[in-house]
Every structure is written in C-alpha cells, then in structure tokens.
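S.K.: Below you'll find the structure I mean.
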Amino acid sequence: GAVVSQHPSRVICKSGTSVKIECRSLDFQATTMFWYRQFPKQSLMLMATSNEGSKATYEQGVEKDKFLINHASLTLSTLTVTSAHPEDSSFYICSASPKTQYFGPGTRLLVL
Amino acid sequence: GESVGLHLPTLSVQEGDNSIINCAYSNSASDYFIWYKQESGKGPQFIIDIRSNMDKRQGQRVTVLLNKTVKHLSLQIAATQPGDSAVYFCAETHQGAQKLVFGQGTRLTINP
C-alpha cells in the first residue's frame, strides 16, 4: 500500500504557542490530503481537505484561522495549530489518496 | 444526515475463533466502503475495501460483506489472533466525493 508519513510523532508545547505538523506522501503524489483529529476512545473527525496549490476546505465548526493548512507541493501538506490551548490536545492524523485513503501514523499533541 | 455506525462498541473473542464486526450506514448514495484497523497510538491501517457493485470480497483471513438492501457492512476475521486486537472502523464515501465518513469504531479484544 501507499506510504504516508507524519512529523513529529509527538509534541508537547506551552499554551499560546504554535505547532506545525507535516504530512508527506512518500511513494506517490497527492493533490489532495486530509487532516483528521481524534480524541481518546472516539472516531476520526475530518477537519479539512488540503488541496495542492489552492485553499483548504474546512469542515463545519473548524476554525480556519486556528488550523492553518498549507499544501505547497504534491507530496507535502502542513497543519499549523496556532495559539494552541489545552483543549487542542489531541491525536492529529493525515491521509492521502492515490486511490484509497492511506493514513499517516498520527501526531500526538499535548498542550500544557 | 449521513452517518455510519456500528452495532457493537466492543467485541471479545477467543483466540482462534472467527470475529464478525458489523457496521450500518444510512446514506443510500454510498458506493465505496473501507475497513480500517487502528492499533493504540497509531494511524488507521487499510484492511479491505468493497464497491457497491459487489456483495462480498475476500482478503487474507478477512472477508467483507455488503448488504445494500439493509445498508449493512460486516468484516469477518478468520482464526482471530492476538495481533488482531485493535479498534476497527468502517468508512464510506460515494462516487465523486473524496471525503470519508467514519463509523464509531469497535474494539476487538482477544482472549487467550
């Protein structure tokens, strides 16, 4: 299957700081990538669709100014959590799709 | 609205037995379904998929059944092993859409 990587795997930051998470498709090009958030013992919730060369599409209730997405190349999308707060602590997962969506290993964010 | 749900949030089986995980969906326009396995602290891993023009598809030790009449999807795991312990999610989408809708997940535990 296709390989999707994420970096970092875990990050701890202070409240009010910004954190950038990278998502890369390693063996295919992805014009579209997806960003999900998952709270403990819950399902995946789609946050936004990242489109190469254009603006991301955000799901209802997701603040676009807080969760900045940049998809500057066919193999890289970044999610920046701006002015992070403890309630932003979660497991962030990206996916990309040559045909079927393949997921990255996830990034555990802890905001103190 | 659209929803994909599961009948059982937890399933416990004996090692070596077969496991059946169920999923219900409500969007009759859905035509593509995927099962993912998620181990603790990791991203979802693709298991098997099925399109609506099929009612059964088999992989290695796994079988997916689709009943479009009652909008029901199941994942069968043969000879369940300790390594099968995980949370299993069904996801659905429809032609032309890229977004996946995830079910709530079923935790599968294996008794020795």
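S.K.: Go through the residues of region A:33-48 one by one and say whether even a single one is at positive phi and assigned to a loop (DSSP other than H, G, I, E, B). Reasoning before the result, please.
M.R.: Kept after step one, since they are at positive phi, are these residues of region A:33-48: A:41.
The next check asks that each one be assigned to a loop (DSSP other than H, G, I, E, B); those that pass are A:41.
Scanning region A:33-48 turns up at least one residue that is at positive phi and assigned to a loop (DSSP other than H, G, I, E, B).
S.K.: If a residue must be more than 20 Å from B:Leu11 (Cβ to Cβ), in contact with a strand residue (DSSP E or B) (Cβ under 9 Å, 6 or more places away or on another chain) and either within 12 Å of chain A (Cβ to nearest Cβ) or surrounded by 14 or more Cβ atoms within 10 Å (Cβ to Cβ) (or both), how many such residues does region B:58-91 contain?
M.R.: So the answer is 1.
Residue by residue, here is whether (1) at pLDDT below 95; (2) farther than 30 Å from A:Gln6 by Cα; (3) not in a loop (DSSP other than H, G, I, E, B) holds:
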position: B:Ile21; (1), (2), (3): no, no, yes
position: B:Ser30; (1), (2), (3): yes, no, no
position: B:Ser40; (1), (2), (3): yes, no, no
position: B:Ile48; (1), (2), (3): no, no, yes
position: B:Met54; (1), (2), (3): no, yes, no
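S.K.: Among B:Thr63, B:Thr10, which is among the β-branched types (Val, Ile, Thr), out of contact with any Gly (no Cβ under 7 Å at 6 or more places or on another chain) and at pLDDT below 95?
M.R.: It is B:Thr10.
S.K.: OK, next. Determine whether B:Asp55 is in contact (Cβ under 8 Å) with a residue 24 or more places away in the chain, farther than 17 Å from A:Thr100 by Cα and more than 13 Å from chain A (Cβ to nearest Cβ). Working first, answer last.
M.R.: Numbers: in contact (Cβ under 8 Å) with a residue 24 or more places away in the chain: no; farther than 17 Å from A:Thr100 by Cα: yes; more than 13 Å from chain A (Cβ to nearest Cβ): yes.
The answer is no for B:Asp55.
S.K.: Now for a separate question. Working only within region B:97-110, note down all residues that are without any contact (Cβ under 8 Å) to a residue 40 or more places away in the chain and either surrounded by 21 or more Cβ atoms within 10 Å (Cβ to Cβ) or away from chain A (no Cβ under 13 Å) (or both). Give the derivation first.
M.R.: Step one: of region B:97-110, the residues without any contact (Cβ under 8 Å) to a residue 40 or more places away in the chain are B:97-99.
Across region B:97-110, there are no qualifying residues.
S.K.: Filter region A:1-48 down to the residues that are crowded, with 19+ Cβ neighbours inside 10 Å and of a type in the set (Phe, Trp, Tyr), then identify the one that is farthest from the other protein chains (Cβ to nearest Cβ).
M.R.: Ranking the qualifying residues of region A:1-48, first place goes to A:Trp35.
The values are calculated or read from the model by the stated rules, or taken from the named source; none is laboratory data. Everything numeric in this text was worked out from a predicted model, so none of it was measured. Cβ atoms come from the backbone with ideal geometry, glycine included; neighbour counts cover every protein chain shown.
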